[in-house]
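The values are calculated or read from the model by the stated rules, or taken from the named source; none is laboratory data. Keep in mind it's a predicted model, so treat the numbers as computed, not measured. Virtual Cβ from ideal backbone geometry, glycine too; neighbours counted across all protein chains shown. Side chains are part of the model used for accessible areas, which takes the heavy atoms of the whole protein and leaves out ligands, DNA and RNA. Shrake-Rupley method; radii C 1.70, N 1.55, O 1.52, S 1.80 Å.
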Amino acid sequence: MKNHNLVDASPSRHILVEHRPALARDGSEVAGLHNLWITLNNPDELNSYTTDMVKEIILAVREASNDRAAVCVVLTGAGSRAFCSGGNTREYAEVYAGAPAEYRQYMRLFNDMVTAILHCDKPVICRANGMRVGGGQEIGMACDFSIASDLAIFSQAGPKHGSAPDGGSTDFLPLFIGAEQAMVSATLCEPWSAHRFYWLGGLTQIVPALRVKDRWLANPLVITERTIDEFGRLVFGMPRSGTARDDAKELLASGTVDLSMLDEAVDELTTKLLYTMPDCLTKTIESVRKHKLEHWNRNKESNRAWLALNMMTEANAGFRAFHYGTKKEREVDFVKLRQRLAAGAKWGEELIEEVAPWVKTKVSA
């Protein structure tokens, strides 16, 4: 048999690649078969992907696709805080802001990462162990299945931080949850709980991850005990407020995050997929993926070009404001920006300093 990998396997520095035994229905290990786990390994920066990590993910997914003994691919993040928070804002601010030609090349790699997932010859499962935001949400939706900790949150970051969610979300979200809710998520960038995203059709399954005194509890920060309010509006999965939120935070702090049920759910799905005809499974997955690929292939190159040019204007301001700002100071002054543009201001360092003055201070320092 020929080796069809693009390059010889080399040690990964930014991801972890593991062969975990495939499990039979009785829980025993199946000889000669495994599931391939790819872990984004940048927990200190919420598993945000750098340029080098993206390269490694592409090669790892391609290699997994060619692995004759692999049943499934599991894509996840290190730790319990984040699956992936998207592109690395440090790299965006320091390398790509104001450099559209460089960002265009970077977006070629990003597009190839999403395409590699959509072209994988194995089922790809996203194990959402924590926040799945921005580009993290996009590579998660490129996967075939998503099983999430119910403490995870899901959102976009684009229009809040100087970009557009054109790395897949504007293609995939309408297919997952319909055009109206996709518009809400893509434009407002408000975080959704795992419960809400699951209810809307965005996830395969959610599992509890909070243990308090040996009891599993649903995410206490969100409403799970009722579906609608007195006016018939959906409240399931919406955040609690007021004293209820304070009590929920206290309860959350009293427990521990335990992802063992998440691992069990992933193993259960991989076992179910094991007991299918391999070629028929692959063909079925490819047929369902065509709906994502149709939109992705139609838009990815024009989106790449726009995102690159945007590095000269709003992304130049937004990514730097986020990276150099504090927790309370990570967004530009949206109102002043609109006012200055309406008055005819030109994009440049002077305008960026007006709408995010801390950028100049941090860069100069």
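For the structure I just gave you, tell me whether Asn47 is part of a loop (DSSP other than H, G, I, E, B) and of a type outside the set (Gly, Ala, Ser).
yes
Tally the residues that are among the small types (Gly, Ala, Ser) and either at pLDDT below 95 or more than 12 Å from Ile352 (Cβ to Cβ) (or both), restricting the search to the stretch 309-328.
1
Can you name every residue in the stretch 75-109 that is at positive phi and over 18 Å from the mean Cα position of the chain (by Cα)?
Scanning the stretch 75-109 gives a single hit, Gly98.
The rows are residues; the columns are (1) over 13 Å from Ala69 (Cα atoms); (2) surrounded by fewer than 15 Cβ atoms within 10 Å (Cβ to Cβ); (3) touching a Ser or Thr at 6+ places or on another chain (Cβ under 6 Å); (4) at pLDDT 95 or above.
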position: His4; (1), (2), (3), (4): yes, yes, no, no
position: Ala22; (1), (2), (3), (4): no, no, no, yes
position: Asp26; (1), (2), (3), (4): yes, yes, no, yes
position: Asn35; (1), (2), (3), (4): no, no, yes, yes
position: Ile38; (1), (2), (3), (4): yes, no, no, yes
position: Asn41; (1), (2), (3), (4): yes, no, no, yes
position: Leu46; (1), (2), (3), (4): yes, no, yes, yes
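So for the stretch 85-94 (the condition being assigned to a strand (DSSP E or B) and at pLDDT 95 or above), does at least one residue qualify? Before you say what the answer is, go through the steps one by one.
Pass one, the stretch 85-94, residues assigned to a strand (DSSP E or B): 87.
Checking the rest, the ones that are also at pLDDT 95 or above come to 87.
Within the stretch 85-94 (the criterion being assigned to a strand (DSSP E or B) and at pLDDT 95 or above), the answer is yes, since at least one residue qualifies.
Scanning the stretch 346-365 for residues that are assigned to a loop (DSSP other than H, G, I, E, B) and closer than 26 Å to Arg104 by Cβ, which turns out most open to solvent (accessible area, probe 1.4 Å)? Steps first, answer last, please.
Looking only at the stretch 346-365, we keep the residues that are assigned to a loop (DSSP other than H, G, I, E, B), and these are 346-348, 356-357, 365.
Checking the rest, the ones that are also closer than 26 Å to Arg104 by Cβ come to 346-348, 356.
On the way: Lys346: 166, Trp347: 76, Gly348: 28, Ala356: 0 Å².
Top of the filtered list is Lys346.
Name every residue in the stretch 131-189 that is farther than 29 Å from Arg211 by Cα, more than 11 Å from the chain's Cα centre (by Cα) and polar (S, T, N, Q), in order of residue number.
Ser163, Thr170, Gln181, Ser185, Thr187
Is the stretch 302-316 home to any residue that is without any contact (Cβ under 8 Å) to a residue 24 or more places away in the chain, of a type outside the set (D, E, K, R), open to solvent by less than 80 Å² (accessible area, probe 1.4 Å) and more than 30 Å from Ile177 (Cα to Cα)? Full working, then the answer.
Just the residues of the stretch 302-316 that are without any contact (Cβ under 8 Å) to a residue 24 or more places away in the chain, to begin with: 302.
Now restrict to residues that are of a type outside the set (D, E, K, R): 302.
Now narrow it down to the ones that are open to solvent by less than 80 Å² (accessible area, probe 1.4 Å): 302.
So of that shortlist, the ones also more than 30 Å from Ile177 (Cα to Cα) come out as none.
Looking through the stretch 302-316, none of the residues is without any contact (Cβ under 8 Å) to a residue 24 or more places away in the chain, of a type outside the set (D, E, K, R), open to solvent by less than 80 Å² (accessible area, probe 1.4 Å) and more than 30 Å from Ile177 (Cα to Cα).
Enumerate the strands (runs of 3 or more DSSP E) found wholly within the stretch 102-170, keeping only those where 2 or more residues are open to solvent by less than 10 Å² (accessible area, probe 1.4 Å) and farther than 20 Å from Met183 by Cα.
Details: elements: 124-128, 131-133, 145-149, 153-155.
It comes to 124-128, 145-149.
Given (1) closer than 22 Å to Leu109 by Cα; (2) of a type in the set (D, E, K, R); (3) touching a Lys or Arg at 6+ places or on another chain (Cβ under 9 Å), where does Glu331 come up short, assuming only one miss?
(1)
List every residue pair whose Cβ atoms lie under 8 Å apart, where the two residues are 6 or more positions apart in sequence or sit on different chains, the first residue falls within the stretch 343-356 and is without any contact (Cβ under 8 Å) to a residue 12 or more places away in the chain and within 15 Å of Ala315 (Cα to Cα), and the second residue, located anywhere, is assigned to a helix (DSSP H, G or I) and open to solvent by less than 50 Å² (accessible area, probe 1.4 Å).
Here the result reads Glu353/Val359, each pair linking the stretch 343-356 to a residue that is assigned to a helix (DSSP H, G or I) and open to solvent by less than 50 Å² (accessible area, probe 1.4 Å).
Can you report the number of residues in the stretch 68-101 which are more than 21 Å from Ala321 (Cβ to Cβ) and open to solvent by 40 Å² or more (accessible area, probe 1.4 Å)?
5
From the residues in the stretch 191-200 that are under 12 Å from Thr224 (Cβ atoms) and out of contact with any Gly (no Cβ under 6 Å at 6 or more places or on another chain), which one is most open to solvent (accessible area, probe 1.4 Å)? Walk me through it before giving the result.
Going residue by residue through the stretch 191-200, those that are under 12 Å from Thr224 (Cβ atoms) are 193-196, 198-199.
Narrowing the set further to residues that are out of contact with any Gly (no Cβ under 6 Å at 6 or more places or on another chain) leaves 194, 198.
Numbers: Ala194: 0, Tyr198: 95 Å².
Among those that are under 12 Å from Thr224 (Cβ atoms) and out of contact with any Gly (no Cβ under 6 Å at 6 or more places or on another chain), it is Tyr198.
Quick one: what pairs do we get from the stretch 152-165, first residue in contact (Cβ under 8 Å) with a residue 60 or more places away in the chain, second among the β-branched types (Val, Ile, Thr) and not in a loop (DSSP other than H, G, I, E, B), C-beta under 9 Å, 6+ apart or different chains?
Close Cβ pairs satisfying both conditions: Ala152/Ile206; Ala157/Val133; His161/Thr89; Ala164/Thr170.
Looking at Gly136, Gly87, can you tell me which residue is among the small types (Gly, Ala, Ser) and either without any contact (Cβ under 8 Å) to a residue 12 or more places away in the chain or farther than 30 Å from Gly348 by Cβ (or both)?
Details: Gly87 fails: either without any contact (Cβ under 8 Å) to a residue 12 or more places away in the chain or farther than 30 Å from Gly348 by Cβ (or both).
The match here is Gly136.
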